[in-house]
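Okay, so here's the structure we're looking at.
The values are calculated or read from the model by the stated rules, or taken from the named source; none is laboratory data. Given the structure is predicted, the values throughout are model-derived calculations rather than measurements. Neighbour counts run over all protein chains shown; Cβ positions are idealised from the backbone, glycine included. We work out accessible area using only protein heavy atoms, side chains counted, and drop any ligands, DNA or RNA first. Shrake-Rupley method; radii C 1.70, N 1.55, O 1.52, S 1.80 Å.
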Amino acid sequence: MTTTVLYTILSLSGLGAVAAMILYAAAQKFKVYEDPRIDQVEEALPGANCGGCGYPGCRQFAEALVKADDISDYYCPVGGNDTMKEVAQILGREVAEQEPKVAVVRCNGSFQNRKRTSIYEGPSSCAIEASLFGGETDCQYGCLGKGDCVEVCDFEAIFMNEETGLPYVIDDNCTACGACVDACPNNIIELRKRYKKDRKIYVSCVNEDKPAAAKKACQVACIGCNKCVKVCPFDAITLENNLAYIIPDKCKLCRKCVDVCPTNAIAEIGFPPRRNKRRNAKKESADQEQSKNQS
Amino acid sequence: MSNNVLTVSPSPHVYQSTTVRKLMYGVVIALLPTLAWSVVSFGIGAIIVTLVSVISCILFEYLIERFLLKRTPSITDGSAMVTGLLLAFNVPANLPVGIIIIGALVSIGIGKMSFGGLGRNPFNPALVGRVFLLISFPAQMTRWPIPKGFNTSYVNAQTGATPLGMLQEKGEATVSKVMESAPSYGDLFYGQMGGSLGEMAAFALIIGLIILLYMRVISWHIPASIILSTGVFTGILWLVDPTQYADPLFHLLTGGLLLGAIFMATDYVTSPMVPKAMWIYGIGIGVLTVIIRVFGSYPEGVSFAILIMNAFVPLLNRYIKPKRFGEEVQHG
Amino acid sequence: MLKTFTKGGVHPAENKITQDKAIEKAGLPKKVIIPIAQHIGAPSSPVVKKKDQVKAGDVIARSQGFVSSNIHASVSGTVAKVDHVVDASGFKQPCVVINTEDDQWADGIDTSDALVKDIDASAEEIRQKVLEAGIVGMGGATFPSHVKLSIPEGKHVDTLVINGVECEPYLTSDHRVMLERAEEMLVGIRLLMKALGVEKALIGIENNKPDAIAHLNEWLGDDPQIEVYGLKVKYPQGGEKQLINALLDREVPSGGLPLDVGVVVHNVGTALAVYEAVQKNKPLVERVVTVTGPSLTHPTNLLVRVGTPVGELIEAAGGLPEDTGKVVSGGPMMGKALKTLDAPVVKGTSGILVLPQKWAHREKELHCVRCAQCVDACPMGLEPYLLKQLAERERFEDLEKNSVLDCIECGSCSFTCPARLPLVEYIRYGKTNVNQIIRNRKQQ
């Protein structure tokens, strides 16, 4: 009995030892050299594998970073400047500081503002709807409301608002990875500079139709009237194809354009209520709705 | 101009009237002749087993979808009913009610819902339940009542061996010896033999096959390939040594072969998509069945053969492609 | 045994409710909206501006490049605007809007009914006329016809196939053309044969139009060059590849054109338009449109001017029914649902189908049960269920490997799916993306 146990133990340990030796030899022979810094860099990255950097995942991004001579063009939008500094330290290279950004939905064509003139029926996907026709409203530029952007977001930073039928961004969660920007077939979502206290001023419209058509399709469409361009003291607003655009780098958030816009197409978010009562009641209600969409 | 708000949708704008529900009820209709014959042959037992099986399958599907998966139950699509019927067809007509309910729970719970429900299960749910019961309750699952006209008693049925069981137990005797005591081909064709509730009556199953083909519920490839391959394989064995091996007709008419070929192997979800793959699948089932029956220790192997081939279906779907239009002429 | 194509196919209910309705001439529309891109290929560029006076038949937009087509005014009047208007595609497209004033035709156009049978024009002249007249494939694909008449170097064509299949349910415009305009159409076919330099033309007609087959045979007598074939009814027999397969038993190679098997396919409507262009000098400004639907009071076949708003055609067919849920331009299998009734008829509009609310919606989609009916139905031997899954997951490389580009978007898979899955919808999406990827690859 005891001998059986003894032999069993001996033979099994012998087998184990032989196998261990073979494995060790194989590991030595087929060893693939890998830069240890790749692991370090990967450690420093957020590990979200979101693809916001343009690589399939954090590992591939780390490999690219280690391989690159100059990493100033590389940026991890999720980790931001802190992460990039850490990476630069590991690699002993320089990295340019980038401004933090946030995704902004440039359409305010809610159910109230933009009448539905047809009903779409088919797969619930903006991409497919956009390939079929110009959308349920008369504005073929605006939000289709099927939530492709929500689908691709890895950070729970964008949601559909049931009341308005538009997506809204939760600024705190948004990492500006750009997935929603790529997913939107109508290119409504833009990554804009993140201001203090998450304040925002932007033209919440992408309609390039002529004024009459744009206004008919949507109450809060930009009609390209040029008023904001004229009033802007910083030359921050351009007008192209009947559509105004506020350049984030030049805008100083003075809000003069908001006051002159006849259709309330310029969104103003995150500001304290104003003291002067220049705006009429109608405008106020429209504004409230807008901020409801946004925050 | 009218102010009608028009619906815009991608083409096509018309659809065939066939729905999943219609297809499932087509299977149910095709199963009815067999069920009717079973009731006539086995009596009250057949009714109780079938009712318990169908009701518990539907109930389990409802409960699981409602409370575990938390979605709208889809019991009306008829698939649970088909599973229930097929499970009942695959067990003896005097199986204790408790065991049937366990079988239904395994079929629906493990065989189907654990994978996400209709369309996602890799194995035929009814067969998962059946094989589970066969392994867990071998005694009860192999006590076959003899079909002797309508029997009003559930438990006190007279039991006997199946023809395939006799073949398995033959020991040193030759096949011809066994054949003497086995039922005649006529009896086999009309289901006058021991066996599961729905597997004995060849003619009723063939009526079912005709209904399925006529209603375009299934294509002919799978039943044909299973029957042909079984016939050919057993035929070869029989020609080699008729004293050792039973003839092909005996193999085709006994056990669950026809039930399996017509109703179990053709289950949409667990069978291949392309005719070429269907042939491979069917031949695989036929060959495995014969191997298990003739060389294995179980008298019957259709269930196992189908489950084994079910496992190959994803592989077949992946590698066997239909011939594309204009494929032969390669274009630069 | 009647001929048909070998792979797949479905049998939608035919519903040819207008097949016995003679072609009526529609009244002149008050205004026409003429999109300047009515064909596949480069959009034409407008040559008129606001307030210009035009006559019916005047060129209003010139073709740009080889694969492009001229656009002509279809009425006489004043150009109201050149602007973006929502057309049948559901998008805003540049259009020329003309307010109708009177019924004058441009000089040199023979608008009489007299049949001109003798063919004087040379092959080159025929091609030139077809180009000038802005003729495009009138079966719905709207591929410029002169391109199909110009055989590239190194290719040989032996047969002209005339597509009189009309496999789409409901539509009867080609059927009526074959019955009422047979002689003109046959002259058109001879013109096409001359332009291509072929000795053989086959007319394929589905067997549900026995009157058309008999009628054409009567007119042909024992003409050795043109033959009429009755085909077994099966959708999508009107697809070029399927039709060639059915008539000649040749398979157009994957990614290839009918030219690769020595065939050119033209629609019966196109043949008629070619006759008018060459023999009558009349550009393509009107066409036969079937206006149909189960709840229309007067479903009919109308000869209408290109650019007529769809709403006016529906008025002519008895007005829009109360229960209308969907209006489709084209047939129910491949037609486009319209967003607005102001969308105009274009050269490729073969029918307007008004569907009641109860038929306008698709049932709830279920999970795929892998019944393989889509694989059975696919005329191109594809696996629609798989393509849909791959497109949904955006696995475009696998899509390409599974021959997604062979899909002709006939809709047989979605039609047949018992789980009501949006198969062709996703496949189309996948195709667009794969095409994009291939274009990018070529650029690199």
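What the table below lists for this structure:
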| read-out | value |
| --- | --- |
| Residue within region A:178-199 that is open to solvent by 20 Å² or more (accessible area, probe 1.4 Å) and either farther than 28 Å from A:Cys53 by Cβ or in the same structural domain as A:Gly51 (by TED's automatic domain parsing) (or both) present | no |
| Residue satisfying all of: in region A:179-234; in contact with a Gly (Cβ under 7 Å, 6 or more places away or on another chain) and basic (Lys, Arg); modelled with the lowest pLDDT among these | A:Lys197 |
| Selected residue (criterion: nearest to the other protein chains (Cβ to nearest Cβ)) from residues of region C:71-118 that are part of a loop (DSSP other than H, G, I, E, B) and of a type in the set (Ser, Thr, Tyr) | C:Ser89 |
| Breaking point among (1) touching a Gly at 6+ places or on another chain (Cβ under 6 Å); (2) open to solvent by 10 Å² or more (accessible area, probe 1.4 Å); (3) farther than 17 Å from C:Thr159 by Cβ, for C:Glu251 | (3) |
| Region B:265-305, residues that are open to solvent by 10 Å² or more (accessible area, probe 1.4 Å), away from chain C (no Cβ under 13 Å) and under 14 Å from B:Leu316 (Cα atoms) | B:Trp279, B:Ile280, B:Ile283, B:Gly284 |
| Top-ranked residue in region B:162-218 [being assigned to a helix (DSSP H, G or I) and among the β-branched types (Val, Ile, Thr); ranked as surrounded by the fewest Cβ atoms within 10 Å (Cβ to Cβ)] | B:Ile210 |
| Checking C:Lys129 against (1) among the charged types (D, E, K, R); (2) open to solvent by less than 60 Å² (accessible area, probe 1.4 Å); (3) in the same structural domain as C:Thr172 (by TED's automatic domain parsing), the condition it does not meet | (2) |
| In region A:65-87, the residues that are open to solvent by 20 Å² or more (accessible area, probe 1.4 Å), part of a helix (DSSP H, G or I) and of a type outside the set (D, E, K, R) | A:Asn81 |
| B:Ile135, sole failed condition from (1) in a loop (DSSP other than H, G, I, E, B); (2) in the same structural domain as B:Thr34 (by TED's automatic domain parsing) | (1) |
| Qualifying residue in region C:58-65 (condition: over 25 Å from C:Glu315 (Cβ atoms) and open to solvent by 60 Å² or more (accessible area, probe 1.4 Å)) | yes |
| Of the criteria (1) out of contact with any Leu (no Cβ under 6 Å at 6 or more places or on another chain); (2) open to solvent by less than 50 Å² (accessible area, probe 1.4 Å); (3) in contact (Cβ under 8 Å) with a residue 60 or more places away in the chain, which one B:Ile48 fails | (2) |
| Of the criteria (1) farther than 30 Å from C:His84 by Cα; (2) open to solvent by less than 40 Å² (accessible area, probe 1.4 Å), which one A:Gly142 fails | (1) |
| Answer residue from region C:338-347, given it is touching a helix residue (DSSP H, G or I) at 6+ places or on another chain (Cβ under 8 Å) and within 11 Å of chain B (Cβ to nearest Cβ) and is most open to solvent (accessible area, probe 1.4 Å) among those | C:Asp342 |
| Positions within region A:151-183 being more than 11 Å from chain C (Cβ to nearest Cβ), farther than 27 Å from A:Asp209 by Cα and β-branched (Val, Ile, Thr), in sequence order | A:Ile158, A:Ile170, A:Thr175 |
| Residue check for C:Asn440: open to solvent by 50 Å² or more (accessible area, probe 1.4 Å), of a type outside the set (D, E, K, R), more than 9 Å from chain B (Cβ to nearest Cβ) and outside any loop (DSSP other than H, G, I, E, B) | yes |
| Residue list for region C:1-30, restricted to those being in contact with a helix residue (DSSP H, G or I) (Cβ under 6 Å, 6 or more places away or on another chain), in a loop (DSSP other than H, G, I, E, B) and closer than 23 Å to C:Leu179 by Cβ | C:Thr4, C:Gln19, C:Ala26 |
| Qualifying residue in region C:9-30 (condition: more than 30 Å from C:Leu247 (Cα to Cα), open to solvent by less than 40 Å² (accessible area, probe 1.4 Å) and in contact (Cβ under 8 Å) with a residue 24 or more places away in the chain) | yes |
| Which numbered condition B:Pro33 fails, given (1) in contact with a helix residue (DSSP H, G or I) (Cβ under 6 Å, 6 or more places away or on another chain); (2) assigned to a helix (DSSP H, G or I); (3) open to solvent by less than 20 Å² (accessible area, probe 1.4 Å); (4) not small (Gly, Ala, Ser) | (3) |
| Check on B:Glu327, acidic (Asp, Glu) and within 14 Å of chain C (Cβ to nearest Cβ) | yes |
| Subset of region B:129-158 (residues that are modelled with pLDDT of 90 or more, surrounded by 16 or more Cβ atoms within 10 Å (Cβ to Cβ) and not charged (D, E, K, R)) | B:Gly129, B:Val131, B:Phe132, B:Leu133, B:Leu134, B:Phe137 |
| Failed item, numbered, when B:Leu105 is tested on (1) more than 20 Å from B:Val290 (Cα to Cα); (2) of a type outside the set (Val, Ile, Thr); (3) out of contact with any helix residue (DSSP H, G or I) (no Cβ under 9 Å at 6 or more places or on another chain) | (3) |
| First in region C:215-231 and at pLDDT below 90, second anywhere and in a strand (DSSP E or B), Cβ under 6 Å, 6 or more apart | C:Leu220/C:Ile226 |
| Residue list for region C:314-330, restricted to those being facing another protein chain (nearest Cβ under 7 Å) and crowded, with 24+ Cβ neighbours inside 10 Å | C:Lys326, C:Val327, C:Val328 |
| Any hit, region B:308-324, residues being in a helix (DSSP H, G or I), more than 30 Å from C:Ser254 (Cβ to Cβ) and in contact with a Gly (Cβ under 8 Å, 6 or more places away or on another chain) | yes |
| Residue match in region A:101-124 (condition: hydrophobic (A, V, I, L, M, F, W, C), within 27 Å of A:Cys205 (Cα to Cα), away from chain B (no Cβ under 14 Å) and touching a Ser or Thr at 6+ places or on another chain (Cβ under 7 Å)) | yes |
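Conditions tested, residue by residue: (1) at pLDDT 85 or above; (2) surrounded by 13 or more Cβ atoms within 10 Å (Cβ to Cβ); (3) part of a helix (DSSP H, G or I).
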| site | (1), (2), (3) |
| --- | --- |
| A:Ala17 | yes, no, yes |
| A:Val41 | yes, yes, yes |
| A:Tyr55 | yes, yes, no |
| A:Glu63 | yes, yes, yes |
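For (1) open to solvent by 10 Å² or more (accessible area, probe 1.4 Å); (2) more than 10 Å from chain B (Cβ to nearest Cβ); (3) touching a residue at least 12 places away in the same chain (Cβ under 8 Å), each residue gets a yes or a no:
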position: C:Val278; (1), (2), (3): yes, yes, yes
position: C:Pro299; (1), (2), (3): yes, yes, yes
position: C:Pro332; (1), (2), (3): no, no, yes
position: C:Thr349; (1), (2), (3): no, yes, yes
position: C:Lys358; (1), (2), (3): yes, yes, yes
